[in-house]
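Enquirer: Sharing a structure here in structure tokens format.
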Amino acid sequence: MYADRLFNALERNDPVPGQLLVAAPDTLMPHFNRSVILIGEQDAGRTFGVDLTKRSEVALFNVMPEWLPLAAKPQALYVGGPQNDRNVAGVAMTRQGVDIDKEPALTRLAPRLAYVDLRVGPDELSPLVESMRLFAGCFIWEPGELEEQIERGEWYVAPALPQDVLAAGSADVWADVMKRQPMPLPLFSTFPRYVDEDN
């Protein structure tokens, strides 16, 4: 398995908020094929994250038009995952000079990258946020589940950057993240997408 040769042989980062889960090129979980999951929260051993690679067909204008002034293009609702799919999470790149730790509406994930409390309106957030993405649903791992998948080599854990969240619609986020990792991972950035021959 490529995963065994690639991910298991590399130094591992801890899967904590602000880190990315980058799917192995040959993942045995087809629904995670070429996925990049941003870990946003950990609570009582459970891990919550949103997939940065799945854009829905739903225009943000049709469901949450008040957020358009802050939303990155393409201004669509992204599919964070299949669980809690009636809930929407916001992830933002903050403006230069904003101290995330001093802003109650923001939860730090990485430098200039934060979860946004959507109960605070866009007008109040505009001085703090340069651009953001909205995700419907998430992925949830029960205690020990994610660690087992990492141990099998299904995920590589890497630091997140704001451009991973706000990537243009034409971007291949998985390939771009792989390209900036240590060798030999950049060599696999063109690994083909899984094709389900039954469909």
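Enquirer: Give the shape of the chain as rounded, prolate or oblate, defined through the alpha-carbon gyration tensor: a ≥ b ≥ c are the square roots of its eigenvalues, a/c under 1.5 means rounded, and otherwise the shape is prolate if a/b is larger than b/c and oblate if not.
Expert: It comes out prolate by the Cα gyration axes.
Enquirer: Defining a contact as two alpha carbons under 8 Å apart and six or more residues distant in sequence, what relative contact order in percent does segment 1-108 show?
Expert: 16
Enquirer: Then there is this: List the residues, sorted by chain then number, that are 5 or more residues from E41 or on another chain and whose placed amide H is less than 5 Å from its amide H.
Expert: Here the answer is F48, since their amide H atoms fall under 5 Å of that of E41.
Enquirer: Between S35 and residues 5 or more places away or on another chain, which pairs have amide H atoms under 5 Å apart, with H built 1.01 Å from N, and which residues are they?
Expert: Under 5 Å from the amide H of S35: A23.
Enquirer: From the protein chains alone at 1.4 Å, what is the descending order of accessible area for K102, K54, K179, largest first?
Expert: Final ranking, largest accessible area leading: K102, K179, K54.
Enquirer: Continuing with this model, one more query. Just want to confirm a number: the relative contact order over the chain, from Cα pairs under 8 angstrom separated by 6+ residues, in percent.
Expert: 28
Enquirer: Using modelled backbone amide H atoms (1.01 Å from N, in-plane), which distant-in-sequence or interchain residues come within less than 5 Å of S131's amide H?
Expert: HN-HN under 5 Å from S131: M93.
Enquirer: Using a 1.4 angstrom probe and counting only protein chains, how large is the accessible area of T47 in Å², to 10?
Expert: Here the accessible area works out near 0 Å².
Enquirer: I'd like to know which of P69, V16, V50 lies farthest towards the positive end of the charge dipole of the chain, counting +1 on Cβ of Lys and Arg and -1 on Cβ of Asp and Glu.
Expert: P69
Enquirer: Multiplying the sequence separation of A175 and D123 by 0.36 nm and subtracting their Cα-Cα distance, what value in nm do you get? If you can, show how the numbers build up before the last one.
Expert: Numbers: separation 52, 0.36 × 52 = 18.72 nm, distance 3.49 nm.
Here the segment from A175 to D123 would lengthen by 15.2 nm.
Enquirer: Any idea what the dipole of the chain comes to, in debye rounded to 20, about its Cα centre with Lys/Arg Cβ at +1 and Asp/Glu Cβ at -1? List each step's numbers first, then the result.
Expert: On the way: 18 positive and 29 negative charges, 121 e Å.
Result for the chain is approximately 580 debye, rounded to the nearest 20.
Enquirer: Which of the lysines could be linked to K73 by a straight reach, that is with a Cα gap under 17 Å, when you skip same-chain ones fewer than 8 residues away?
Expert: The qualifying lysines are K54.
Enquirer: Given 0.36 nm per residue, what is the gain on full extension from N84 to L28 after removing their alpha carbon distance, in nm?
Expert: Details: separation 56, 0.36 × 56 = 20.16 nm, distance 2.38 nm.
That works out to 17.8 nm of additional length.
Enquirer: What ³J(HN,Hα) values, in whole Hz, does the Karplus curve 6.51 cos²θ - 1.76 cosθ + 1.60 give for segment 132-140 when θ = phi - 60°, with x put for Gly and Pro?
Expert: 8, 10, 10, 10, 8, x, 7, 9, 10
The values are calculated or read from the model by the stated rules, or taken from the named source; none is laboratory data. Values in this document were obtained by computation on a predicted structure and should not be read as measured data. With ideal geometry, Cβ positions are generated from the backbone for all residues, glycine too; neighbour counts draw on all protein chains shown. Surface areas here come from the heavy atoms of the whole protein model, side chains and all, with no ligands, DNA or RNA. Shrake-Rupley method; radii C 1.70, N 1.55, O 1.52, S 1.80 Å.
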